[in-house]
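Single-structure report; data block below.
The values are calculated or read from the model by the stated rules, or taken from the named source; none is laboratory data. What you see is a predicted model; the values in this text were computed from it and never measured. With ideal geometry, Cβ positions are generated from the backbone for all residues, glycine too; neighbour counts draw on all protein chains shown.
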Amino acid sequence: MMPGLAVLTDASADGFLLPLAIILPVAGILSAFVLGGRHAERIVLLLLVPGLGVAAAVFVAVWRGGRSLVYLVGGWEPPLGIALRADGISAAMMATVAVVICATALFARGEFAQPHGRPEARAPFVFWTLLLAIWTALNTIVLGDDLFNLYVALELLTFAAVPLVSLKGNAATLKAALRYLLFALFGSVLYLLGTVLIYSAYGTLDIVLLSGRVHPEPVAWIAAALMTMGLLAKTALFPLHLWLPPAHAGAPAPGSAVLSALVVKGSFFLIVRLWFDAMPGLMDLAAAQMLGTLGSGAILFGSILALRQQRLKLLIAYSTIAQIGYLFFIFPLALGAATSNPWSGFAWTGGWLQLFSHAFAKAAMFMAAGLIAETLGHDRIAQFGGIGRVLPITMFTFGLAGLSLMGVPPSGGFVAKVLLLRASIMEGQWWWAAAMLVGGLLAGGYVFMVLGKAFSSASASFKICAPVPRSREVLPLALALCAVLLGFVPLQPSNLLQIGRTAALTVASP
């Protein structure tokens, strides 16, 4: 055992919370199958409070304790056993996932409630069980500390997300789901090949152990390249984004909210784990610059295509591609975050804050789009005239969420982008700042395009198909407010997001 490793593998007093975060949604899935589809919605609603409570407890324990929580499954230490670990970013991710899942579940009751007095419908049962499966997979991803078990969790996430795309059952959504599945399977094969190479070379897949064993050599570079390419396909980073717009636009509004806010973030989380935790000394400047360049391409390409869309859900989907691009500035700007570079901590905090604020904002946007489509019977932007007067809260929600995408204060997106801008300027990498500024202007273009149409005069053909109760407008508004409240985070590196990182990197140092 290497020096300092015992500190990272000793079980924590609060470690029992980690398996509980995975067991709760799994128990809900099994209960739904045993009790029948009519009870699936009630089971999910009953699990929301304890699931959110566990995520909050993990967050508080990591924050107050200032160290990672660790749970050894079966009491066996790696490499013989499996460890679950919650560091600062894991705790923040768990909390974000729990909040978005809870809001989505409450919002989805208006669309996926089992009809009373009629035969049991299949779609509600499928939706509620898939929602729990996504929650299970995401918690496993953020807590997992073994590359193969992370692969299993990633596959669970994929096979829960793909059916969510095709829930409407029409030809377009089935085609979109099939394309999503093909990209996801391509990514899975590459990731698995990489894990095989790593295990054959280093004899373990535990992230903490690998951080002390992996060193720059051909087998490590090949494995990292294969795994990264596979994860990029699942994250839909440009140019591997082709599956995302039809998949996110074709899913039901609650499904689109989860897919855009959370599912694509799971694979990104693993890319960060791979390069910063499992192989902290492997990434060089060229690789980091390449990932940053792909992120810049995603910002520009996704934003321009969003401006050209005629349907609201497709516009929001292309916006997701653009906003994902900002996340990849972590790699060129936070490279060597535990070393002498003082600005890398700003980049690290800014990147993660962008992820959290985007999750809240994009979930709110897709929910708002769903309410507009229910009211009008379509989501064609050109025919939105007058909807601002019918759904003022919903359009206000869309505007609030848009503030975060544009990076306008006071929003989480503003703080995130300012931190990334400061890091890029102070590190002399001004080209990332230019991409961010252009992306913000383009985001403002498509957000104001929608708002301008919504608050214009109604046409003669304007009609309301199905009035939406005000109570359903509150949930997306709450998520948009969460994105705004993140803007009150101080403009400095977050201590919470650094918890667990220094220790892991210390093991890798000679």
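Hey, among F301, F268, which residue is surrounded by fewer than 24 Cβ atoms within 10 Å (Cβ to Cβ), at pLDDT 90 or above and either within 17 Å of P332 (Cβ to Cβ) or touching a strand residue (DSSP E or B) at 6+ places or on another chain (Cβ under 7 Å) (or both)?
Working: F301 fails: either within 17 Å of P332 (Cβ to Cβ) or touching a strand residue (DSSP E or B) at 6+ places or on another chain (Cβ under 7 Å) (or both).
Only one candidate passes the filter, namely F268.
Taking into account only those residues within the range 122-178 that are β-branched (V, I, T) and over 18 Å from A32 (Cβ atoms), which is surrounded by the fewest Cβ atoms within 10 Å (Cβ to Cβ)?
Let us first name the residues in the range 122-178 that are β-branched (V, I, T), namely 126, 129, 134, 136, 140-142, 152, 158, 162, 165, 173.
This time we only want the ones that are over 18 Å from A32 (Cβ atoms), so: 140-142, 152, 158, 162, 165, 173.
Values: T140: 24, I141: 24, V142: 30, V152: 14, T158: 21, V162: 22, V165: 27, T173: 20.
My answer is V152.
Quick one: in the range 101-113, of everything that is over 11 Å from L475 (Cα atoms) and surrounded by 19 or more Cβ atoms within 10 Å (Cβ to Cβ), which residue is modelled with the lowest pLDDT? Show your work before the answer.
Going through the range 101-113, the residues over 11 Å from L475 (Cα atoms) turn out to be 101, 109-113.
Subset that is surrounded by 19 or more Cβ atoms within 10 Å (Cβ to Cβ): 101, 112.
Working: I101: 96, F112: 84.
Among residues in the range 101-113 that are over 11 Å from L475 (Cα atoms) and surrounded by 19 or more Cβ atoms within 10 Å (Cβ to Cβ), the one modelled with the lowest pLDDT is F112.
A quick yes/no check of all residues on (1) over 25 Å from Q498 (Cβ atoms); (2) touching a Gly at 6+ places or on another chain (Cβ under 6 Å); (3) modelled with pLDDT under 80:
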position: V7; (1), (2), (3): no, no, yes
position: P25; (1), (2), (3): yes, no, no
position: L46; (1), (2), (3): yes, no, no
position: V49; (1), (2), (3): yes, no, no
position: G65; (1), (2), (3): no, no, no
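Does at least one position in the range 363-376 carry a residue that is modelled with pLDDT under 90, touching a Phe, Trp or Tyr at 6+ places or on another chain (Cβ under 9 Å) and not in a helix (DSSP H, G or I)?
Within the range 363-376 (the criterion being modelled with pLDDT under 90, touching a Phe, Trp or Tyr at 6+ places or on another chain (Cβ under 9 Å) and not in a helix (DSSP H, G or I)), the answer is no, since none of the residues qualifies.
Answer with yes or no whether L353 is assigned to a helix (DSSP H, G or I) and more than 18 Å from the chain's Cα centre (by Cα). Spell out the reasoning first.
Numbers: assigned to a helix (DSSP H, G or I): yes; more than 18 Å from the chain's Cα centre (by Cα): no.
Judged against the criteria, L353 is not a match.
Looking at F396, F384, which is the one that is buried (at least 24 other Cβ atoms within 10 Å of the Cβ) and in contact with a helix residue (DSSP H, G or I) (Cβ under 9 Å, 6 or more places away or on another chain)? It would help to see each step written out before you state the result.
Details: F396 fails: buried (at least 24 other Cβ atoms within 10 Å of the Cβ).
The match here is F384.
Could you please find all residues in the range 407-448 being over 18 Å from W343 (Cβ atoms), small (G, A, S) and either without any contact (Cβ under 8 Å) to a residue 60 or more places away in the chain or assigned to a helix (DSSP H, G or I) (or both)?
Hits for the range 407-448 are G407, G412, G413, G439, G440, A443, G444, G445.
How many residues does the range 449-468 hold that are of a type outside the set (G, A, S), surrounded by 12 or more Cβ atoms within 10 Å (Cβ to Cβ) and assigned to a loop (DSSP other than H, G, I, E, B)?
Residues of the range 449-468 that are of a type outside the set (G, A, S), as a first pass: 449-451, 453, 455, 462-465, 467-468.
If we keep only those that are surrounded by 12 or more Cβ atoms within 10 Å (Cβ to Cβ) too, we end up with 449-451, 453, 455, 462, 464, 468.
Among the residues that remain, those that are also assigned to a loop (DSSP other than H, G, I, E, B) are: 455, 462, 464, 468.
So the count comes out to 4.
Check whether at least one residue in the range 406-418 is modelled with pLDDT of 90 or more, crowded, with 24+ Cβ neighbours inside 10 Å and either over 25 Å from G295 (Cα atoms) or among the aliphatic types (A, V, I, L, M) (or both), and report yes or no.
Looking for residues that are modelled with pLDDT of 90 or more, crowded, with 24+ Cβ neighbours inside 10 Å and either over 25 Å from G295 (Cα atoms) or among the aliphatic types (A, V, I, L, M) (or both), one finds at least one in the range 406-418, hence yes.
Has the range 174-185 got at least one residue that is among the small types (G, A, S), assigned to a helix (DSSP H, G or I), modelled with pLDDT under 95 and farther than 30 Å from L20 by Cβ? Step through it out loud before you land on a result.
If we filter the range 174-185 for residues that are among the small types (G, A, S), which is where we start, we get 176-177, 184.
Going one step further and asking which of them are assigned to a helix (DSSP H, G or I), we end up with 176-177, 184.
After this cut, where a residue has to be modelled with pLDDT under 95 as well, the list is 176-177, 184.
Add one more test, that the residue is farther than 30 Å from L20 by Cβ, and what stays is 176-177.
Yes, the range 174-185 contains a residue that is among the small types (G, A, S), assigned to a helix (DSSP H, G or I), modelled with pLDDT under 95 and farther than 30 Å from L20 by Cβ.
Conditions: (1) of a type in the set (S, T, N, Q); (2) more than 30 Å from T204 (Cβ to Cβ); (3) crowded, with 21+ Cβ neighbours inside 10 Å. S90 meets all but one. Number of the miss?
Status for S90: all satisfied but (2).
Being outside any loop (DSSP other than H, G, I, E, B) and over 13 Å from the mean Cα position of the chain (by Cα) narrows it down to one of L305, L270, L240, so name that one. First the steps, then the outcome.
Numbers: L270 fails: over 13 Å from the mean Cα position of the chain (by Cα); L240 fails: outside any loop (DSSP other than H, G, I, E, B).
Of L305, L270, L240, the one residue that is outside any loop (DSSP other than H, G, I, E, B) and over 13 Å from the mean Cα position of the chain (by Cα) is L305.
Of a type in the set (G, A, S), modelled with pLDDT of 95 or more and either in contact with a helix residue (DSSP H, G or I) (Cβ under 8 Å, 6 or more places away or on another chain) or surrounded by 17 or more Cβ atoms within 10 Å (Cβ to Cβ) (or both): is that true of A98 in this structure? Reasoning before the result, please.
On the way: of a type in the set (G, A, S): yes; modelled with pLDDT of 95 or more: yes; either in contact with a helix residue (DSSP H, G or I) (Cβ under 8 Å, 6 or more places away or on another chain) or surrounded by 17 or more Cβ atoms within 10 Å (Cβ to Cβ) (or both): yes.
Judged against the criteria, A98 is a match.
Quick one: in the range 271-296, of everything that is surrounded by fewer than 19 Cβ atoms within 10 Å (Cβ to Cβ) and among the small types (G, A, S), which residue is nearest to P476 (Cα to Cα)?
A287
Scan the range 471-480 for residues that are more than 13 Å from F396 (Cα to Cα) and either buried (at least 17 other Cβ atoms within 10 Å of the Cβ) or of a type in the set (D, E, K, R) (or both) and jot them down. Quick ask: steps written out before the conclusion?
Start the filter on the range 471-480 by keeping residues that are more than 13 Å from F396 (Cα to Cα), which leaves 471-472.
R472 - this is the single residue of the range 471-480 that is more than 13 Å from F396 (Cα to Cα) and either buried (at least 17 other Cβ atoms within 10 Å of the Cβ) or of a type in the set (D, E, K, R) (or both).
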